[in-house]
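Working notes, beginning with the structure itself.
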Amino acid sequence: MRSLHAVLVERTSPRLVELLAAALDGSGPALLPLDAGLPPARLAELIAAFAPDTIEGLDGESTARSGEKKEVADGTAVIIGTSGSTGTSKGVQLSAAALLHSARASLARIGARPGERWLCCLPGTNIAGLQVLVRSLVSGTDPVLASTADAATVAASGCAHVSLVPTQLRRLLDPDIDISTPLAGFSSVLLGGAAAPPSLLGAARAAGVPVVTTYGMTETCGGCVYDGLPLDGVRVAIGDDDTPHGGGGTAQDSEGAAQDGGGTAGRGGGRIWIGGPVLFSGYRRLTATPAADPVLADGWFRTGDLGQLDSAGQLTVRGRADDVINTGGRKVVPGEVAAALETCPGVREVAVVGHPDAEWGERVVAVVVPADPANPPALELLRLHVKERLPRYAAPSRVVVVDAVPLLPSGKYDIARLRLELVRREQTQA
């Protein structure tokens with residue numbers, strides 16, 4: 001059994017890279033990176049829950065933690081605390097084998113060449129930022145560590161590869177910034193953390209940015225499906241809530257070979273399941289009820305997402321299963337509504353959530369960042385735009401205009417905070 005060493009970091013640091021290398025090769029303890037910017041009460045909560053043996057502060061000094069300790073399994077290299085988009089916190093245990101397989105498969109897929117460096121402008125306390133560091137270690141290069149992804153920093157980095165979230169990419173494509181092509185010279189720009197709207201992808205590719213969309217989560221060592229196709233060794237299946245083949249879905253491996261599960265649910269869509277050597281080994285100090293958490297069993301992980309596979313085995317992610325809105329007995333996938341609204345004139349950014357309603361159960365609410373704050377799109381325009389692309393019941397019945405959609409550190413929309421803000425607005429208006 002290995003000991004667990006917690007380290008406080010501000011986004012990322014050379015010390016984190018050093019500790020990560022030791023955790024991966026077994027010469028050091030397992031690593032628990034924690035965001036030093038979290039409120040003290042939240043940090044104390046995470047430390048109590050994950051029970052590290054030692055804690056290293058920003059000054060580099062380590063102290064032994066008093067109280068109950070719990071060793072980790074020998075194969076575990078890193079534990080990532082993830083809050084998720086709905087606020088439930090878990091400690092995800094990742095083995096060195098899983099992290100290294102993911103990094104090598106990623107480097108192979110994008111065709112990274114020896115000596116090419118990575119720019120890390122995502123927090124190392126999250127899996128996306130941490131995997132940039134792992135890829136650098138695997139490729140034998142030093143990552144360029146940046147506290148922000150501003151145009152000047154990105155353009156001057158001299159790197160060939162970078163991982164971004166959609167918000168960062170959108171800002172780098174802003175025509176009003178001083179540097180017109182900050183991503184010029186990059187060989188790959190991995191884009192993940194949240195669904196990227198088609199308009200953003202179109203703008204990036206029109207500007208010559210080599211964007212690769214990624215799908216994954218902390219439990220899969222980050223992105224494990226690139227541009228809809230699984231990485232080497234990764235399997236994807238569409239099933240029901242109980243089994244990857246319970247709905248008769250189709251499993252797709254990294255070679256594109258379909259494994260028949262019988263039936264047609266894979267084409268109609270269902271729960272996304274992932275298998276392969278990139279999976280986590282379990283949760284540490286899980287406090288939520290098991291029924292509310294994703295399942296890891298028989299070599300498969302049940303994600304919290306809905307999706308479908310086409311005849312070529314390409315995965316399309318429809319949205320979060322637990323975000324599905326039930327309005328008047330009809331089920332609406334918020335991600336599909338948001339994707340439709342992203343193409344509506346006057347919309348810069350949009351999130352879609354369900355809000356309790358006495359008559360309909362839930363109402364579809366569009367939270368919109370307008371392209372022109374002085375002239376936000378009207379509700380009727382948004383409704384008409386959705387009705388032309390989706391069933392009528394999917395059209396939003398309310399629009400809330402905001403300056404920015406709140407984000408989690410991972411770059412995903414903070415759905416829990418959005419819902420809370422809607423309740424507060426309603427109470428204020430009442």
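The values are calculated or read from the model by the stated rules, or taken from the named source; none is laboratory data. Quick caveat: nothing in here was measured; it's all calculated off a predicted structure. In this analysis, Cβ positions are derived from the backbone assuming ideal geometry, glycine residues included, and neighbour counts consider all displayed protein chains. In case anyone asks, the SASA skips ligands and DNA or RNA and just uses the protein heavy atoms, side chains included. Shrake-Rupley method; radii C 1.70, N 1.55, O 1.52, S 1.80 Å.
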- Note on the structure: Checking Leu190, Leu43, Leu200 against a Gaussian network model of the chain (alpha-carbon springs below 10 Å), the top fluctuating residue turns out to be Leu43
- Over the stretch 104-165, what is the mean sequence separation of C-alpha contacts under 8 Å (at least six apart), divided by residue count, expressed as relative contact order in percent? 43
- Query: Pulled fully out, how much extra length does the chain show between Arg424 and Thr316, if you take 0.36 nm times their separation in residues and subtract their Cα-Cα distance?
  - Reply: 35.5 nm
- the stretch 190-234: relative contact order from alpha carbon pairs under 8 Å, six or more residues apart, as a whole percent, is 31
- Neighbour cut-off at most 16 other Cβ (10 Å), DSSP loop, GluC sites (Glu not before Pro), the stretch 1-55: Glu10
- Item | Accessible area of the chain divided out per residue, in Å², using a probe of 1.4 angstrom | 44
- Computed magnitude of the charge dipole of the chain (debye, nearest 20; Cβ of K, R +1, Cβ of D, E -1): 440
- Task: Would you work out the relative contact order for the stretch 1-52, in percent, from Cα pairs under 8 angstrom that are 6 or more residues apart?
- Result: 45
- Item | Surface share of carbon and sulfur [accessible, 1.4 angstrom probe, percent] for the chain | 51
- Task: Using θ = phi - 60° and the Karplus relation 6.51 cos²θ - 1.76 cosθ + 1.60, list the HN-Hα couplings for the stretch 339-353 in order, rounded to whole Hz, with x at every Gly or Pro.
- Result: 4, 5, 5, 4, 8, 7, x, x, 9, 8, 8, 8, 10, 10, 9
